[in-house]
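Below is one structure; the comments refer to it alone.
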Amino acid sequence: MEILDGKAAASAIRSGLKQEIAGLQSLAGRPPGLAVILVGDDPASAIYVRNKGKNCREAGIESREYKLPGNVTQDKLERLIRELNLLEEVDGILLQLPLPGSLDSQRCLELISPLKDVDGFHPENMGKLTLGLPGFRSCTPAGIIALLKYYNLDVSAKDCIVIGRSNIVGKPLALMLLAQNATVTICHSRTSDIKGHVRRADFIFAAVGIPGFVNADMVKQGAVVVDVGINRTQDGLVGDCDYEGIKEKARAITPVPGGVGPMTIAMLLKNTVSAWKNKLQL
Ligand code: NAD
């Protein structure tokens, strides 16, 4: 059984980006810039933003954090996004989700310039993903694809089961797997026989948000299991899969933490560098 070490894969990607930035910086005249907007004081969001900032700085990306109070108005938040869209030295804009209170996140995401949409959530970039056109890809599913590639795991012609159909993980992941020639089934809260689907899968992608949702009994011998879930429990952070039970049967599995999580941040950095290169025509 192989452990798909997202920390190692992400570190390799970040080193490559660091070298690329160092090589292009004199030509560019400035480093890549990422603006991160954090609204309110959700502790988990604050940790994510801190990690993203640290990873950016280490790679040579200038990360600016914009902290707004939880009671900020929709108007004020939208004004900030418009300003950042125009700011020359900002290549990428990330709005940390979820937003507190009654703020309309979809409206804000649609306001971010598609050229600076390094999270890949703008309808234009989601549309490009659907059509197989170049554009920014959502970081978590893109990180999963990059992790599979790092370990030479080919999904072409394989039965891939994605559990979860959210706009940020399940749906874009299914489209990215399809682009890799996988046979894709999406399961969700209304699927009648999830166990039956999962049991025949060569690759299982769990993005549900329920600890232990996928257990060893549901996993075919030799399957690859990618656990996207991040659940805070009394025992600390756990995924959606029963890691201990499954590792006896799986060909490969991602740990939580240290699997998909670090890859998500690496893809954010990669998208920011792409936005920088696109803007400066490097
Ligand atoms: P979400 O709540 O938006 O979506 C969950 C999906 O699971 C839904 O589509 C729903 O249909 C499905 N679902 C819920 N209950 C189900 C059930 N009983 N049976 C079958 N399907 C069911 O969540 P999300 O934003 O897609 O995130 C999913 C998980 O991934 C969460 O634990 C989240 O914290 C984690 N996550 C991790 C990363 C990362 O970088 N590793 C990034 C994003 C999300």
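The values are calculated or read from the model by the stated rules, or taken from the named source; none is laboratory data. What you are looking at is a predicted structure, and each value in this text was computed from that prediction instead of being measured. Here the Cβ positions follow ideal geometry from the backbone for every residue, glycine too, while neighbour counts run over all protein chains shown. Surface areas here come from the heavy atoms of the whole protein model, side chains and all, with no ligands, DNA or RNA. Shrake-Rupley method; radii C 1.70, N 1.55, O 1.52, S 1.80 Å.
Descriptive notes on the structure:
- Any hit, the stretch 178-201, residues being farther than 20 Å from TYR150 by Cβ, small (Gly, Ala, Ser) and open to solvent by 50 Å² or more (accessible area, probe 1.4 Å): yes
- Within the stretch 121-142, being β-branched (Val, Ile, Thr) and touching a residue at least 60 places away in the same chain (Cβ under 8 Å) holds for one residue alone: THR140.
- Among the candidates VAL155, VAL90, VAL162, VAL72, residue that is among the β-branched types (Val, Ile, Thr), over 21 Å from the mean Cα position of the chain (by Cα) and open to solvent by less than 20 Å² (accessible area, probe 1.4 Å): VAL72
- Members of the stretch 20-58 found to be surrounded by 12 or more Cβ atoms within 10 Å (Cβ to Cβ) and over 24 Å from ASP117 (Cβ atoms), listed by number: ALA22
- Residue pairs whose Cβ atoms lie under 8 Å apart, separated by 6 or more positions or on different chains, with the first residue in the stretch 188-202 and within 18 Å of LYS171 (Cβ to Cβ) and the second near the ligand (Cβ under 7 Å from one of its atoms) and part of a helix (DSSP H, G or I), are HIS188/GLY170.
- Number of positions in the stretch 189-233 that are among the aliphatic types (A, V, I, L, M) and more than 9 Å from the ligand (Cβ to nearest atom): 11
- Filter result for PHE213 (buried (at least 19 other Cβ atoms within 10 Å of the Cβ), closer than 29 Å to PRO123 by Cβ and not charged (D, E, K, R)): no
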